[in-house]
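Contents: one structure, followed by commentary.
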Amino acid sequence: MIAYLDTSSLVKLYVQEAHSVSVKKLVDEAEIVATCRIAYPETMSAINRRFRQGDLAETQYDALVARFSGEWRRFAALDFDELEAGRLVNVYGLRGFDAVHLSAAILLKTAQAGLSLSFSSFDEKLNNAASAEGFTVLTPE
């Protein structure tokens, strides 16, 4: 099984949040973990925001950034289709980067017919759109 993680799921691998355990379990069970290339700067931004808010000490921040950067290559980093992302915005009212994530997952699914691909996000609107596009959506436990 391939697990597609949007940024809200990917961050949970690095910053302890609600449902972090569920995401880690999903990643452990997946053969491949995929995400869109935009998840790299988005995740860095999320970690940096937690540091600026005082949720992370400087040593924790430095360690998380180093760990995430070092592990980035273990993810299948996908491109996206900007026209498809625009369609998804119009059809489902998604935010820009949510549409980009879903378009990346659609590209992967389209390129590999019959692929067992599950979609993980913690955004209800994005999950609804992914479900409508035919994905198995992994909802938080």
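The values are calculated or read from the model by the stated rules, or taken from the named source; none is laboratory data. As the structure is a prediction and not an experimental result, all values here were calculated from the model. No Cβ is skipped: glycine too gets one built from the backbone with ideal geometry, and neighbour counts run over all protein chains shown.
When each of LEU107, LEU94, LEU117 is tested for being free of Cβ contacts under 8 Å to residues at least 60 places away in the same chain and touching a Phe, Trp or Tyr at 6+ places or on another chain (Cβ under 9 Å), the lone residue that passes is LEU107.
Table: residues versus (1) surrounded by 17 or more Cβ atoms within 10 Å (Cβ to Cβ); (2) in contact with a strand residue (DSSP E or B) (Cβ under 7 Å, 6 or more places away or on another chain).
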site	(1), (2)
ALA76	no, yes
ASP79	no, no
ALA85	yes, no
GLY96	no, no
HIS101	yes, yes
ALA105	yes, yes
LYS109	yes, yes
ALA113	no, no
SER118	yes, yes
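Here SER45 meets each of (1) touching a residue at least 40 places away in the same chain (Cβ under 8 Å); (2) within 24 Å of TYR14 (Cβ to Cβ); (3) part of a helix (DSSP H, G or I) with one exception, condition (1).
The residue of the range 13-31 that is surrounded by the fewest Cβ atoms within 10 Å (Cβ to Cβ), among those that are in a helix (DSSP H, G or I) and in contact (Cβ under 8 Å) with a residue 60 or more places away in the chain, is SER22. With respect to being closer than 18 Å to MET44 by Cβ and part of a helix (DSSP H, G or I), ARG73 fits the description. Restricting the first member to the range 57-86 and to residues that are under 18 Å from ARG37 (Cβ atoms), and the second to residues that are surrounded by 15 or more Cβ atoms within 10 Å (Cβ to Cβ) and among the aromatic types (Phe, Trp, Tyr), the beta-carbon pairs closer than 7 Å and six or more apart or on different chains are PHE68/TYR14; TRP72/TYR40.
Evaluation of ALA3 against the conditions (1) surrounded by fewer than 18 Cβ atoms within 10 Å (Cβ to Cβ); (2) of a type in the set (A, V, I, L, M); (3) in contact (Cβ under 8 Å) with a residue 60 or more places away in the chain shows that the sole unmet condition is (1). Between LEU126, LEU138, the distinction of being farther than 21 Å from GLU29 by Cα and either aliphatic (A, V, I, L, M) or touching a Ser or Thr at 6+ places or on another chain (Cβ under 9 Å) (or both) belongs to LEU126 only. The combined condition, being touching a residue at least 24 places away in the same chain (Cβ under 8 Å), in a helix (DSSP H, G or I) and under 19 Å from VAL23 (Cα atoms), is not fulfilled by ALA34. The single condition among (1) without any contact (Cβ under 8 Å) to a residue 24 or more places away in the chain; (2) within 23 Å of SER22 (Cα to Cα) that VAL89 does not satisfy is (2).
Picking from residues in the range 13-51 that are touching a helix residue (DSSP H, G or I) at 6+ places or on another chain (Cβ under 9 Å) and of a type in the set (D, E, K, R), the one that is modelled with the lowest pLDDT is GLU17.
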